[in-house]
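First up is the structure itself, then whatever we jot down about it.
The values are calculated or read from the model by the stated rules, or taken from the named source; none is laboratory data. Given the structure is predicted, the values throughout are model-derived calculations rather than measurements. In this analysis, Cβ positions are derived from the backbone assuming ideal geometry, glycine residues included, and neighbour counts consider all displayed protein chains. Calculation scope for accessible area: heavy atoms of the full protein, side chains included, ligands and nucleic acids excluded. Shrake-Rupley method; radii C 1.70, N 1.55, O 1.52, S 1.80 Å.
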Amino acid sequence: MAVPFVDLKGQYHTLKADIDRVVLEVLDSSSYILGQYVRTFEQEVEHFFGIKHAIGVNSGTDALLLSLRAMDIGSGDEVITVSNSFFATAEAISLAGAKPVFVDVTEPSFNVDSELLEAAITPRTKAIIPVHLYGQPADMDEVLEVAERHGLRVIEDACQAFGAEYKGRRTGTLGHAAAFSFVPAKNLGCYGDGGMVTTNDDVLAERVRLLRDHGSSKKYRHEVVGYNSRLDALQAAILSVKLKCLDDWNEARRRLAGQYGLELRGCDVVLPTEAPDRKHIYHLYVIRTKNRDQLQAALREQGISTLIHYPIPIHLQPAFGDGSPSCLPVTQRLADEILSLPLWPTMPTSSVTLTSDAIKQILSQRQ
Ligand SMILES: *Cc1c(COP(=O)(O)O)cnc(C)c1O
């Protein structure tokens, strides 16, 4: 592969000594589930965000699900979100027993169109889940204002946005709760599954803690029916090592995104933009182009790996089935045109050039 999509192994090798040491330490501690390593990582995240509670759970999906359950959202309730996201955003709503209601997104951010929220609210609506897609914060002031006016809760899906900022504040601290994912390719990734809920609400935090551990606050006493959804100690220890590098990695992503922007300037593609009051952390660098599939195939032939996030909007997935392509026109158009280019924090600048040159060459042949 001339340019892979990400390089997870390379990142491990830059931190190998520290990671190997903490892994062996955890193995030797026999504290494998919850316990000191998870609590330490939670405290580090609380400090990183300046937030009262960070609760380690099994996945980003469970972080959303447990937040919804902790808010007593379930059967008969509706939750507004976007269709232009990873499937889990809506899956978590369904798993809680509620109904996902999709609104369209806006350009150029590809995030929720806050002007459409009001019309989607019904007497059953309980919450809004804005997604900070690709690492770009959604319009949180507008979302929070609508939510406040209608007495709704806001859960940030910050699974792609660990370290992003909105008006100088980190995403994950803006709503009533937020969900993070630590799957390997996320900006802060572990070596398996992992997730986290952040909140300033003491009652909510207590309920999420209860739910993640079989509804139990005391050994063998179960207050409610919960889940087995705990963050592994091994993953927490690895994440503690990686968290120290995260701001630098995000800055590196931003620099590389800037380089893509310069190299692809003038090309017949729509480049991602960053609103002036936000810090986009480029979990993904996503361009838009007509004839996307041809461009992707031609890049593949040159050994350049790209992906599509996401090819089928959630409302058109077989699992949700009742959507029609015309009801969310912007979402549908994006699904046909978006292409995620290779990007990882230690990506060589020469690989950005190689990828950009290949795109320019392929597009110029098209004319
Ligand atoms: C990754 C992701 C999730 C789910 O996280 P998992 O840890 O895979 O369960 C949810 N929402 C978004 C936007 C994501 O990118």
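Only one residue in Thr346, Thr355 is among the hydroxyl-bearing types (Ser, Thr, Tyr), part of a loop (DSSP other than H, G, I, E, B) and in contact with a Phe, Trp or Tyr (Cβ under 9 Å, 6 or more places away or on another chain), so which one is that?
The match here is Thr346.
Specify which of the listed residues (Gly135, Gly163) is small (Gly, Ala, Ser) and either within 14 Å of the ligand (Cβ to nearest atom) or over 20 Å from Gln43 (Cβ atoms) (or both).
Exactly one residue qualifies, and that residue is Gly135.
For the stretch 52-60, check the following and say yes or no: at least one residue is under 26 Å from His150 (Cα atoms) and within 15 Å of the ligand (Cβ to nearest atom).
Checking the stretch 52-60: not a single residue is under 26 Å from His150 (Cα atoms) and within 15 Å of the ligand (Cβ to nearest atom).
Just a yes or no: is a residue in the stretch 125-134 open to solvent by 30 Å² or more (accessible area, probe 1.4 Å), among the hydroxyl-bearing types (Ser, Thr, Tyr), over 22 Å from Glu274 (Cα atoms) and over 14 Å from the mean Cα position of the chain (by Cα)?
no
Would you confirm whether or not the stretch 26-42 contains a residue that is in contact (Cβ under 8 Å) with a residue 12 or more places away in the chain and within 30 Å of Cys327 (Cα to Cα)?
No, the stretch 26-42 has no match at all.
State all residues of the stretch 54-80 that are outside any helix (DSSP H, G or I) and open to solvent by 30 Å² or more (accessible area, probe 1.4 Å); if no residue qualifies, say none.
Within the stretch 54-80, Asn58, Asp72, Ser75, Gly76 qualify.
Condition (residue is more than 23 Å from Gly60 (Cα to Cα) and open to solvent by 10 Å² or more (accessible area, probe 1.4 Å)) applied to the stretch 97-107: is it met by at least one residue?
yes
Cβ contacts < 6 Å: first residue more than 21 Å from Asn111 (Cβ to Cβ), restricted to the stretch 78-99; second residue among the basic types (Lys, Arg), any location; separation 6+ or different chain. Result?
Final answer for the pair search is Ala96/Arg69.
So which residues in the stretch 272-302 are in a loop (DSSP other than H, G, I, E, B) and either out of contact with any helix residue (DSSP H, G or I) (no Cβ under 9 Å at 6 or more places or on another chain) or under 25 Å from Leu188 (Cβ atoms) (or both)?
Those that are in a loop (DSSP other than H, G, I, E, B) and either out of contact with any helix residue (DSSP H, G or I) (no Cβ under 9 Å at 6 or more places or on another chain) or under 25 Å from Leu188 (Cβ atoms) (or both): Pro272, Thr273, Glu274, Ala275, Pro276, Asp277, His280, Ile281, Tyr282, His283, Leu284.
Being assigned to a helix (DSSP H, G or I), open to solvent by 20 Å² or more (accessible area, probe 1.4 Å) and more than 23 Å from Arg170 (Cβ to Cβ) is the filter here; which residues of the stretch 209-225 pass it?
Leu210
Can you tell me which residue in the stretch 226-237 is nearest to Ser216 (Cα to Cα), limited to those that are part of a helix (DSSP H, G or I) and open to solvent by less than 10 Å² (accessible area, probe 1.4 Å)?
Ala233
Within 16 Å of the ligand (Cβ to nearest atom) and within 27 Å of Gly321 (Cβ to Cβ): which single residue out of Asp104, Asp157 fits that description?
Exactly one of Asp104, Asp157 is within 16 Å of the ligand (Cβ to nearest atom) and within 27 Å of Gly321 (Cβ to Cβ), namely Asp157.
Which is among the hydroxyl-bearing types (Ser, Thr, Tyr) and within 16 Å of the ligand (Cβ to nearest atom), of Tyr220, Tyr191?
Testing whether each residue is among the hydroxyl-bearing types (Ser, Thr, Tyr) and within 16 Å of the ligand (Cβ to nearest atom) leaves just Tyr191.
Would you mind telling me which numbered condition in (1) surrounded by fewer than 20 Cβ atoms within 10 Å (Cβ to Cβ); (2) at negative phi Gly168 fails?
Condition (2) is where Gly168 drops out.
To keep it simple, each residue is scored yes or no on (1) on the phi > 0 side of the Ramachandran plot; (2) at pLDDT 95 or above; (3) in contact with an Asp or Glu (Cβ under 7 Å, 6 or more places away or on another chain).
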| site | (1), (2), (3) |
| --- | --- |
| Phe182 | no, yes, no |
| Asn187 | no, yes, no |
| Tyr191 | no, yes, no |
| Lys219 | no, no, no |
| Arg230 | no, yes, yes |
| Cys267 | no, no, no |
| Ala275 | no, no, no |
| Arg278 | no, yes, yes |
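With the condition being more than 20 Å from Val183 (Cβ to Cβ), I'd like the helices (runs of 4 or more DSSP H) fully within the stretch 1-51 carrying at least 1 qualifying residues.
The qualifying helices (runs of 4 or more DSSP H) are 16-29, 35-49.
For the list (1) on the phi > 0 side of the Ramachandran plot; (2) crowded, with 22+ Cβ neighbours inside 10 Å; (3) of a type outside the set (A, V, I, L, M), I need the number of the one condition that Thr198 fails.
That leaves (1) as the condition not met.
Pairs, please: C-beta under 7 Å, at least 6 apart or cross-chain, first residue free of Cβ contacts under 8 Å to residues at least 24 places away in the same chain and in the stretch 292-315, second among the aliphatic types (A, V, I, L, M)?
Ile312/Ala335
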